[in-house]
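Participant: What follows is a structure written as structure tokens; I'll ask about it next.
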Amino acid sequence: MKYISDIIDQNKIPEKKRLNSGSNLNKLQKSKRIIKYILMGFIILVAVRYIPNQPIQTKEIIMIGLLSSIAFAILDMVSPSIKVVNYKSN
């Protein structure tokens, strides 16, 4: 694990520049996740609106969409990312 002071000493990068580049990455990642959660909620909202044979009240449809977005966000933050790595054996 590298600390900011080690990175600054090794690369001679000014501290302010180093911290700003990391915060921009975090903002970009956060905005991508928020868009993903909103899109997932919208997909569920459309599915609940048009799939059932009997009409559902708009308030209930919105609640289902919000609940699904929140549940997806929690699962996305709690569950670990899975990365498949192929090792070539000789």
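Participant: If you build the Cα gyration tensor of the stretch 33-75 and take the root of 5 times each eigenvalue, what three semi-axes come out, in whole angstrom, biggest first?
Facilitator: Values: eigenvalues 82, 18, 11 Å².
Equivalent ellipsoid of the stretch 33-75: 20, 9, 7 Å, largest first.
Participant: Let me ask something else. Is any residue of the stretch 22-49 close enough, with backbone N under 12 Å, to a label point placed 7 angstrom from the Cα of Q57 along the Cα-Cβ axis, and if so, which?
Facilitator: No residues fall inside that zone.
Participant: Can you give the local net charge around K36? Use residues other than it whose beta-carbon is closer than 13 angstrom to its beta-carbon, Lys and Arg +1, Asp and Glu -1.
Facilitator: Working: positive: K30, K32, R33; negative: D76.
That works out to +2.
Any read-out appearing in this document is the output of simple, stated calculations on the displayed coordinates, not a laboratory observation. Since the model is a prediction, treat every value here as computed from it, not as a measurement. Reconstructed Cβ throughout: ideal geometry from the backbone, glycine too, with neighbour counts over all protein chains shown.
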